[in-house]
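Peer 1: Handing you this structure, nothing more for now.
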Amino acid sequence: MNPHGTLETRVSRLLTLGTVLAAAVLLTGVVMYVGANPEDRPVYAPFSPTGLRSLTTVLARLREGDAAAIMQAGVLLLVLTPVARVVTTLIVFAARRDWRYVVIAAVVLTTLVLGLAGIRL
């Protein structure tokens, strides 16, 4: 068995699952939002819901079933999918004791996390 094929298959499945899950959550939020606000006219501008800038606020409003929070969670899942890919590959490389690629994956993960946190290098 080719170990690289197994890693590629796992990463491919992770990316597919993350994308499908994010799309399903986002679509659920859109349907709920449109259903709750049928009188709203479409506005073709960036979606920026008021008060949904922090993770704690998104989670709190998710528990309330807020449609905008569900859409925001879908976007968050979509953004976190590549991060999950890097974490997965880092773990696999560590298990294989391939330290060169562990370091590379750790640098990529650090860069992603800092970028998501708004810290520029």
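Peer 1: Which of Asp66, Asp98, Asp40 has the fewest other C-beta atoms within 10 Å, and how do the rest follow up to the most?
Peer 2: Numbers: Asp66 22, Asp98 13, Asp40 9.
So the residues, fewest neighbours to most, are Asp40, Asp98, Asp66.
Peer 1: Suppose a student asked you for the relative contact order of the chain, using Cα pairs under 8 Å spaced at least 6 residues apart; what percent would you report? Please list the in-between numbers first.
Peer 2: Details: 85 pairs, mean separation 38.6, N = 121.
Answer for the chain is 32 percent.
Peer 1: Once both labels are modelled 7 Å past Cα along the beta-carbon direction, what's the Ala36-Arg100 spacing in nm?
Peer 2: Each label point is offset 7 Å from its Cα along the Cβ direction, giving 5.2 nm.
Peer 1: Further, regarding this structure: Could you list Glu64, Glu39 in order of exposure, starting from the residue whose Cβ has the fewest other Cβ atoms within 10 Å?
Peer 2: Details: Glu64 7, Glu39 4.
Least to most surrounded, the residues fall as Glu39, Glu64.
Peer 1: How are the Cα pair distances of the chain distributed, in percent, across 10 Å bins from 0?
Peer 2: Histogramming the chain at 10 Å steps yields 12, 32, 29, 18, 7, 1 percent.
A short reminder: the numbers here are calculations on the coordinates, not readings from a lab. Everything quoted here is computed from the prediction, not taken from an experiment. Here Cβ is always computed from backbone atoms with ideal geometry, including for glycine, and neighbour counts include all displayed protein chains.
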